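Scroll down for the structure; my scribbles are underneath it.
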Amino acid sequence: MNMHTKTQKHTAAVLTALALLSLTGTVCAAPGKDAAQKAPATKPDKVSAFTSTTLADGTPVTAALTVITAEEIHDNHYGSVAEALDYAPGVTVTAGSVNTSQQIVRINGDDRVAFFIDGRRQNLESGLPNGRATFDLDAAPPVNAIERIEIVPGYTTGNYMNYDAPGGTINIVTKKGREHKFQFEGARGPYKAWRWEATLEGSADGWSWFGTGGRDNIDALHYKSVGGDKETMPNSSVNRREMYYRFDRQFTPSQALTLTYGHFSNDRGLWLSRGWWDTSDHKYAYEKLANNLSLTYHYKDNQPLKGTVSLYHMYNQGDTYYPEGYEDQDTLPSYSRWKTKTNGIDWQDSWQVRKDTLVTAGATWRHTTVENEQNVLDGENFGKNYDEGVSNLSAYVTTQRRFGKLTMIGTSLLNHNTKFDNEYVYSGSLEYRPDDKLTLFGSVQRIYDTPTLDEMYYNNDSATLGRIHGIKGNPDLEPEEGFNWNGGLRYKVSENTDWSLSGFVSHINNPINWYYDRSDGRLTAKNFDSQNKQGLQLAFAHRFSPKYSMNASYAYTHLETDYGAGIDRFYTDEVAPHQFKAMAKYKDSRWTNSLLFTAGIGRDDNYFSGNYYVLDANVNYKFNKHWSSYVKLRNLLNESYETLGSREIGGVPAWGRTALFGFEYTY
């Protein structure tokens, strides 16, 4: 039996299983009471009759929802959203294709993930000119500002369903100020690693406030090469500055106003330039900056079915600076700057029209402009060389109906894009709960994903950059279109043990990606023929006692892209077909300790040096109610592996063994 026949049979088997599941349907939350796999219990109000799993804004979700709580973030002292996501089931964090200045997330092996903060979409039209990711995790809020992170693989609905979520969605819910508290954290580690963060929150007389900010730094990427040697990556230091503020004003029990402001800037050395497209010893630097402002009006704040109107402005900027060795380098401006400005307004409301029927409606408008300037270095054109804008308007209706133990959810969304006119997008799902232990679900969603402005208009084709002679967008790109099917079950064995199984299949026509033509050294955006994905995820959690617990997950992902005749890819989107993650945890009044294991098996030896098996550890000790300390140990075995595969085996290495020693003061 050839490989093609095997793939066809495997696909047919998964489709059959999902079709059977979709006849019953339900909501499935990945297991784990205190870890990143447990959805919060539904509040005991009249809406709880409709669904067992909802997002923080009340949006019903029939999918394997994963929630990373503020408690888990604090217990493991995750330094960033990227680090927290990397331990979630079915999720990987890598460099942005071959662009190591970006950090992107993949769900079910797909980098096309919609990213939200408090329900506001954050994805950009510019900034990531490799792969299909449109959000850089460096722009995420500080982890101290996060109440929870909601991860929905594959299937979305309501405001979260739009034209850029084939892989799924991630929504970050920020903290609202409550008790009067001040917190300071400081840490040091090898390789000039340091971190500090300060947080202040409180509330009084209908007002509440929350603010946090800090900096962190690490000098260089230290790793173990595929040959077993200890190496240091030149020009790979990272320095980050971040802050986030939230102010809430409660006017009446039903009316409130929320103002948020977030800022970050990040300096990264472009270490990939060493020998890859620049044979000189120049040290290029890249700086990213973001300023985001939002104002949200809550007009049904004290009701189970809430209504909100949100206005927001996002500013993102990227600068590439003159490398060392140039005269007056410290005083020269960047030779390539891009700026993205996005203004938007979101509205959402819900109504219970009958005892068994809930209706949610909403609309979103956003306008984005991209500007590029200062594009010349020694006569060479490094910039994107375009100034374009795009507007998008979408309106949707979600209907949720219950028939005994069966719940049906459907969303219809009409989207108008000024570059691609009107399009109808929809999703539908079923959930079935025969008893308190078993939950089943099935869903289908239409995929419609438009090209970004970078993919259409990026143009520095006149540059002669050594191996790469330019990057060329394609204004004739067609949107990606297809379908995504999801299904699964969750079974609660006891109060201390539960597990879940979910699967997905997707088919996309006209998939977009960047193609490196070796004949002329040009990187070009293209529509390829088709793409098929299939996979499954198994998760398990168990609490041995009040102090000891564990959770584990396995994810299988298979990606098959038909690029067309004569196309030779120089990197792979598939991080690992088989991924394992497990956490063992001990927690009492003083200690909070965890051991984390991740593994990737079955990696393509055309792009990777081999499989990986990584151990991380966290040790936390609380001296009293004010003082605590921690030690973070990463890659204890000093494993040699790549975060991303490329034709240059070992070209995108992961960090070797590192440590961070910190303390925390709370008052």
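The values are calculated or read from the model by the stated rules, or taken from the named source; none is laboratory data. The model shown is predicted, which means the values in this text are computed figures rather than measured ones. Quick reminder, even Gly has a Cβ in these numbers, built from the backbone with ideal geometry, and neighbours come from all protein chains shown. Note: areas computed on protein heavy atoms with side chains; ligands, DNA, RNA excluded. Shrake-Rupley method; radii C 1.70, N 1.55, O 1.52, S 1.80 Å.
Couple of notes before you dig in:
- Most positive-pole-ward Cα, I218, L137, P153, against dipole of the range 124-228 from beta carbon charges: I218
- Surface exposure of the range 117-229, expressed per residue as accessible area with a 1.4 Å probe, stands at 31 Å².
- For the range 576-648: Kirkwood Rh in Å [reciprocal of mean 1/r, alpha carbons]: 14.2 Å
- Residues in the range 605-667 average 47 Å² of solvent-accessible surface per residue, probe 1.4 Å, ligands and nucleic acids excluded.
- Shape summary: the range 517-667 maps onto an equivalent ellipsoid whose semi-axes, from the alpha-carbon gyration tensor, are 40, 19, 13 Å in decreasing order.
- Straight-line cross-link reach from K585 at under 16 Å between alpha-carbon atoms covers these aspartates and glutamates, not counting any fewer than eight positions away in the same chain: D34, E71, E72, D75, D616.
- Count Lys and Arg as plus one, Asp and Glu as minus one, and take only other residues whose Cβ is under 15 Å from that of L489; the net charge is then +1.
- Net charge, I218 excluded, C-beta distance under 10 Å - Lys, Arg +1, Asp, Glu -1: +1
- Above-threshold pairs, the threshold being 20 Å between Cα atoms, out of K288/K341; K175/K339; K288/K581: K175/K339; K288/K581
- The range 535-607, relative contact order in percent, only Cα pairs under 8 angstrom and at least six apart counted: 29 percent
- Computed over neighbours whose Cβ is under 10 Å from that of Y87, the net charge equals -3, Lys and Arg +1, Asp and Glu -1.
- Within the accessible area of the range 397-448 (1.4 Å probe), percent carbon and sulfur: 56 percent
- Cross-link reach list, lysines versus K472, counting only Cα pairs under 16 Å and skipping chain neighbours closer than eight places: K384, K526
- D (Stokes-Einstein, µm²/s), Kirkwood Cα radius, the range 403-493, 1.306 mPa s at 10 °C: 93 µm²/s
- Qualifying lysines (Cα of each under 17 Å from Cα of K533; at least 8 residues distant if same chain): K6, K9
- Residue-normalised accessible area of the range 502-562, expressed per residue, 1.4 Å probe, Å²: 40 Å²
- Sites listed here are trypsin sites (Lys or Arg not before Pro) in the range 578-653 whose DSSP assignment is loop and whose Cβ has at most 15 other Cβ atoms within 10 Å: R590, K625, R647.
- The portion of the accessible surface of the range 148-293 made up by carbon and sulfur, rounded to a whole percent, is 56 (1.4 Å probe; DNA, RNA and ligands excluded).
- With only the Cα atoms considered, the range 488-600 has a convex hull volume of 131 Å³ per residue.
- By accessible area with a 1.4 Å probe, ligands and nucleic acids excluded, highest first: order of F264, F661: F661, F264
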